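To start, the structure itself, in structure tokens.
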Amino acid sequence: MELTDKTLMLAVKAGDLDQFGVLFQRHHNAIFAFFYRMTADASTSEDLTQEVFIRMLKYRNTFGEDSDLRGWMYQIARNLRADHFRHRVPQAALLQEIQADHASPSQRLEQKERVAVLHQALLALPEDRRELLILARYEEMKYEQIAALLSIEVGAVKVRVHRALRELREMFFKMSGEETACDVKKPTTI
Amino acid sequence: MRCEEADNHIAEYVAGRLAADSPFRNHLAECARCRTEVRGLTEIWTDLDEVHVPKVSAVMQPRLLATIAETKLEISNSRRTPMPYLIKPILTVLLSTAAAWFLGHSLVQPLHEAGITVERPAANNPDDHYRGDANAPLTLVEYGDYECPPCATYNPVVNEVLKRYAGQVKLEYRHFAMTRIHPNALLAAAAAEAAGKQGHYWEMHDLLLSGQQRWAKQDNPEQFFVPMAASIGLDSNKFLEDLRGPEVQARIVKQMAETNIQAVPAFFINGHQIQVLPNIESFVAAIDVELKKK
């Protein structure tokens, strides 16, 4: 029977460090993807991923019987990213400038290019909205888990995800130069 | 349901998380505005799935492995003794010194007799760097950390021992970087290994230890290591490439993972850990005991 994350982490906390390798194998891809989607910087994301696991070991005694490993791990990841990027030029602002120079308004983008621009649009979102979207879209976290992680109400998570998604769509159209696919003021049928 | 209220459910609907009996579904059937909104956002939501994420290495980096090794050590120490980390070895040396002063005894005390075992103390490992005659009957194994001040103090003594016992004793050196207290120790070990790839391991080993105060605790120790490498005739570009490469890091980590020593420097003769002071007499006493057994 496969041991749960909590069981493994409690074993690590109790001194069985061999179980830590299992946790690393289970979660390092997801943590890396979280950082990469937030930053588009593979090298930094890889370093930060390793640092998350270093901090998990360092702070293992703060993991309790009632703790949720994913929530705890992502809290460490969020703090780490905040520390890392605190004194840097906001990447979103830079990306917006770059994209403004290179957008080609009349060109309809191929799907691959379209997805690349979508990632750029995601990176250009304000950090809190970007993080919320990534957690909701990719990390398979329940709204309740996200709410606990961000210290907000579940209802607020639902509303903010909707707003962030709308902002992303607007940013995407701005960057790609595409016409807005649907204008909410002019109803059409599905 | 009004559209303003429906907005609270759109994200759930787009993500496929909305309950089957949610009143929002009825609203959607009736409201063209919300259908349009849902269609546009669903397209973006679906495309997000295709955002490429590169493959990440499934290998733990040396710093993480070192933390695991140190944590193991910490746990092992806390189970063995209530004394804090490093206090025991310091006290052991102080007490041994005091005892020797009073009793005139040799300071050599094989720890295995006290029930303390240490993994992989055996010598003649092809992975280890050695100094001295390859066929010497006695091998002194040292675990060290280039950023550790006592290791720097011991180094000239060890070199003197090798001169005195030329042909009889050789030294094998293994890394044990205590990264929590010595942030540059891993990089320094990598510098020695990188120099070794150009055939100058021991020159760099001596330079790192004799010049320790210049680079220890510095933010960018590489700026000190590169001139050191150049001063012994190394190709600086290759040196840097090797220093940052996975091969030397893997070698260091392997050595660190194979031992459970408690402090550095740690010395072994023929598989037994010995406690020696940084003076020639202390080493002579330990080595002569072993040579008599040969």
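Under a cut-off of 23 Å between alpha-carbon atoms, report the lysines in cross-link reach of residue A:112, not counting same-chain residues fewer than 8 places apart. In chain and number order, the partners are A:174, B:55. For segment B:225-262, the residues whose amide N sits under 17 Å from a probe point set 7 Å from the Cα of residue B:72 along the beta carbon direction are B:250-262. Inter-label distance, residue A:25 to residue A:47: 2.8 nm, where each label sits 7 Å from its Cα along the C-beta direction.
Within segment A:124-168, which GluC sites (Glu not before Pro) sit in a loop by DSSP and count at most 15 neighbouring Cβ atoms inside 10 Å? It would help to have the intermediate numbers written out before the result.
Details: sites: A:127, A:131, A:139, A:140, A:144, A:153, A:167; in loops: A:139, A:140, A:153.
Answer in residue order: A:140, A:153.
Note on residue A:75 and residue A:142: the extension gain reaches 22.6 nm, defined as 0.36 nm multiplied by sequence separation minus the Cα-Cα distance. Ordering A:42, A:27, A:75 by Cα displacement along the dipole of segment A:5-85 toward the positive end leaves A:75 in first place; charges were set at the Cβ atoms of Lys, Arg (+1) and Asp, Glu (-1). The Cα-based radius of gyration and maximum Cα-Cα distance (Dmax) for segment B:3-48 are 10.0, 28 Å.
Residues in segment A:136-149 carry Karplus couplings, in order, of 6, 7, 10, 8, 6, 9, 5, 4, 5, 5, 5, 4, 5, 5 Hz; the curve used is 6.51 cos²θ - 1.76 cosθ + 1.60 with θ = phi - 60°, and Gly or Pro positions show x. Under a model in which nothing but the beta-carbon of Lys, Arg (+1) and Asp, Glu (-1) is charged, segment B:3-48 shows a dipole of about 140 debye around its Cα centre.
Across all directions, the shadow cast by the convex hull of segment B:149-294 built on its C-alpha atoms averages 9.1 square nanometres.
Hey, got a sec? Which trypsin sites (Lys or Arg not before Pro) in segment B:5-70 land in a DSSP loop and have at most 12 other Cβ atoms within 10 Å? In loop regions of segment B:5-70 (DSSP not H, G, I, E or B), the sparsely surrounded trypsin sites (Lys or Arg not before Pro) are B:55.
For segment A:40-78, which chymotrypsin sites (Phe, Trp or Tyr not before Pro) are both in a DSSP coil and crowded by at most 10 other Cβ atoms within 10 Å? Spell out each step's value before the answer.
Details: sites: A:53, A:59, A:63, A:72, A:74; in loops: A:59, A:63.
Loop-located and lightly packed - none at all.
Other residues lying with their Cβ under 13 Å from the Cβ of residue B:31 contribute a combined charge of 0, Lys and Arg counting +1, Asp and Glu -1.
In what sequence do B:148, B:31 fall when counting other Cβ within 10 Å, fewest first? Kindly include the intermediate steps, with their values, before the conclusion.
On the way: B:148 22, B:31 18.
Sorted ascending by nearby Cβ count, the order is B:31, B:148.
Between residue B:39 and residue B:22, the distance separating the two model label sites (each 7 Å from Cα on the Cα→Cβ line) works out to 2.0 nm. Debye sum, Cα scatterers, segment A:5-85, no solvent: what log₁₀ I/I(0) at q = 0.19, 0.20, 0.21, 0.27 1/Å? Per q value, in the given order, log10 I(q)/I(0) is -0.76, -0.84, -0.91, -1.36. Placing dummy labels 7 Å off each Cα toward the beta-carbon, the span from residue B:218 to residue B:32 is 7.3 nm.
Evaluating 6.51 cos²θ - 1.76 cosθ + 1.60 at θ = phi - 60° for every residue in segment B:150-163, the Karplus couplings come out as x, 4, 5, 5, 6, 4, x, 5, 4, 4, 5, 4, 5, 5 Hz, glycine and proline recorded as x.
Which entries of B:170/B:217; B:163/B:293; B:197/B:292; A:6/A:58; A:6/B:217; B:72/B:294 have Cα-Cα distances beyond 28 Å here? From the list (B:170/B:217; B:163/B:293; B:197/B:292; A:6/A:58; A:6/B:217; B:72/B:294), the Cα-Cα distance tops 28 Å for B:170/B:217; B:197/B:292; A:6/B:217; B:72/B:294.
Between the beta carbons of residue B:238 and residue A:152, assuming R0 = 51 Å, the FRET efficiency works out to 0.45 to the nearest 0.05.
Can you check what the net charge comes to around residue B:10, using other residues whose Cβ is under 14 Å from the Cβ of residue B:10 (Lys, Arg +1; Asp, Glu -1)? Don't skip to the end; give the middle numbers.
Details: positive: A:158, A:160, A:163, A:166, A:169, B:2, B:17, B:25, B:33, B:35, B:39; negative: A:167, B:4, B:5, B:7, B:12, B:37, B:43.
Spelling it out: positives minus negatives among the neighbours equals +4.
Counted by Cβ distance under 12 Å from residue B:235, the other residues give a net charge of 0, where Lys and Arg count +1 and Asp and Glu count -1.
Full extension of the chain between residue A:159 and residue A:55 yields a length gain of 34.2 nm, computed as 0.36 nm times the residue separation minus the alpha carbon distance.
Where a number appears in this text, it was derived from the coordinates with a stated rule and is not lab data. All figures in this text were calculated on a predicted structure; none of them were measured in a lab. All Cβ positions, even for glycine, are placed from backbone atoms using ideal geometry, and neighbour counts span all protein chains on display.
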